[in-house]
Amino acid sequence: MQHVEVRNLNKHFGSFHAVKDVSFEIAKGHLIGLLGPSGGGKTSILRMLSGLESPDGGDILFHGQRVNDLPPQERGIGFVFQNYALFKHMTVFENIAFGLKIKKTPKAQIRERVMELVELTGLKGFEKRYPHQLSGGQRQRVAFARALAPEPQLLLLDEPFAAIDAKIRQELRTWLRDLIERVGITSIFVTHDQDEAIEVADEIMVINQGRLEQKGTPWDIYKSPGTPFVASFIGESTIVEDASTLKGFDTTAGPGVRALIRPEYIEMGYDHEFTLRSATETGTVRHLHFRGSEWMVEVEVGSNRLITYRSLEKPTLHPGEEVRVLIHRAYLFNDESSWMVENR
Ligand code: ATP
């Protein structure tokens, strides 16, 4: 049996249809990334799971039991939000102990559980500090410990690292993965950051304009995007409006077929470096950007079409130079489906 099952979930705010017929299942212990642009409906889905918002239609089941009518406090859910929301006048120890105190857990048991969580979240030695004496990353770890203390069945994380510096955020992603693996708790993680979702989640659900566009492992979604939206939202790509103009592909692409090209499936160089020139495009180098670990080269091919190429070495190319571009692989799309094609 699946831990979480959602069937045909719908939510309107007035006449606005914010969540449209969303259905999915989550296996116990999995970490799911809810990914999509701002306003897509991610938080609304999370709030309906938690019971803070009620759906207009559809069912929510935990371990096969319908929970639509259960109040939030009876759903066994732990929360972590982006803005810490720690109790300012309480120490780290008291913050973590809060949920257990409310449940009238005996003192000795509270102490044992808090110390266990302090250890688990790497906060040993910080028990007596107040939130203002902690860094943003430490505060967020306290928020995780506090959410986990009452042993919830499900953990809901709404952009938990959004307010944290890039470097620490990176460390926290790895930390979160390890934590969830050790605790083995089913978790849903809302983010609009594709790198974060790809790195952290067992599975990603891409949400756009209230619809679930695709659900799958990060690799599957990257490798085989199901819709043009998913393809353009996850990973870097160039969209070519008319796929039949691409050189080297045996495509019988009719009108309305577009192509998506990822930088890693492109080779680029001077004319003499290619033998099968008929399978290449002619382009002009426009821009070179250094991004810290790699170079991105933008090349204009055809009419105003910019294709991006990625290189680990500093390219010897210069803006304005003419080059050849070999596209090894492309994804083609029309309104109904998507399929992959290889250069001959
Ligand atoms: P973000 O990443 O910006 O948080 P999101 O994907 O979580 O976005 P939601 O917060 O679920 O999106 O919002 C979905 C849509 O529903 C938005 O257009 C939002 O304006 C609207 N909405 C959300 N809550 C309410 C509400 N209480 N009343 C009216 N409209 C709402």
In what order do Tyr331, Tyr270, Tyr222, Tyr309 fall by count of nearby beta-carbon atoms within 10 Å, going from fewest to most? Tyr270, Tyr222, Tyr331, Tyr309
Hand me the trypsin sites (Lys or Arg not before Pro) from the stretch 8-95 located in a DSSP loop with no more than 11 other Cβ atoms within 10 Å, in residue order please. Lys88
Once each part is reduced to its C-alpha centroid, what is the distance from the stretch 100-144 to the stretch 1-79 in angstrom? 29 Å
Can you compute the FRET efficiency between His287 and Asp193 using 1/(1 + (r/R0)^6), with r the Cβ-Cβ distance and R0 = 22 Å? Round to the nearest 0.05. 0.35
Could you grab the relative contact order for the chain? Cα pairs under 8 Å, six or more apart, rounded to a whole percent. 16 percent
For Lys247, give me every one of the aspartates and glutamates with a C-alpha distance below 12 angstrom, ignoring sequence neighbours fewer than eight places off in its own chain. Glu281, Glu342
Suppose each label sits 7 Å from its Cα in the direction of the beta carbon; what would the Asp178-Gln2 distance come out to in nanometres? 3.2 nm
Who wins for biggest fluctuation among Gly41, Gly14, Gly58 in a Gaussian network model of the chain, springs between alpha carbons below 10 Å? Gly14
Taking only C-alpha pairs under 8 Å that are 6+ residues apart, what is the relative contact order of the stretch 238-342 in percent? 32 percent
Once the in-chain neighbours fewer than 8 apart are removed, the lysines whose Cα is under 23 Å from Lys28 read Lys42, Lys215
Choose one of Phe126, Ile60, Leu70: the residue whose Cα lies farthest towards the positive end of the charge dipole of the stretch 4-233 (beta-carbon charges +1 Lys, Arg; -1 Asp, Glu; about the Cα centre). Phe126
When a/c is below 1.5 the answer is rounded, else prolate if a/b is larger than b/c, else oblate, so apply that to the stretch 13-153 with a ≥ b ≥ c taken from the square roots of the Cα gyration tensor eigenvalues. prolate
State, to one decimal in nm, how far the label point of Ala162 lies from the label point of Lys124, with both points 7 Å from Cα in the Cβ direction. 3.5 nm
Would you grab the residues whose amide H sits under 5 Å from the one on Gly33? Only those 5+ places off in sequence or on another chain, please, with H modelled 1.01 Å from N. Phe189, Asp202, Glu203, Ile204, Met205
Expressed as a rounded percentage, what relative contact order does the stretch 1-117 have, with Cα pairs under 8 Å and six or more residues apart? 24 percent
Evaluate E = 1/(1 + (r/R0)^6) for Glu336 and Ser23, where r is the Cβ-Cβ distance and R0 equals 22 Å; express this FRET efficiency to the nearest 0.05. 0.60
Would you list which lysines come within 18 Å of Lys101, measuring only between C-alpha atoms, while excluding same-chain residues fewer than 8 positions from it? Lys88, Lys128
Principal semi-axes in Å for the chain [√(5λ), Cα gyration tensor, largest first]: 46, 25, 15
Arrange the following residues from fewest to most other Cβ atoms within 10 Å of their Cβ: Met268, Met115, Met1. Met1, Met115, Met268
Beta bridges per DSSP with both ends in the chain, % antiparallel, nearest 5: 75 percent
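Every read-out reported here was derived from the displayed coordinates using simple, explicitly stated rules and does not represent laboratory data. The structure presented is a predicted model; accordingly, all values stated were derived computationally and were not measured. Counting neighbours? That spans all protein chains shown, and the Cβs are built from the backbone with ideal geometry, glycine included.
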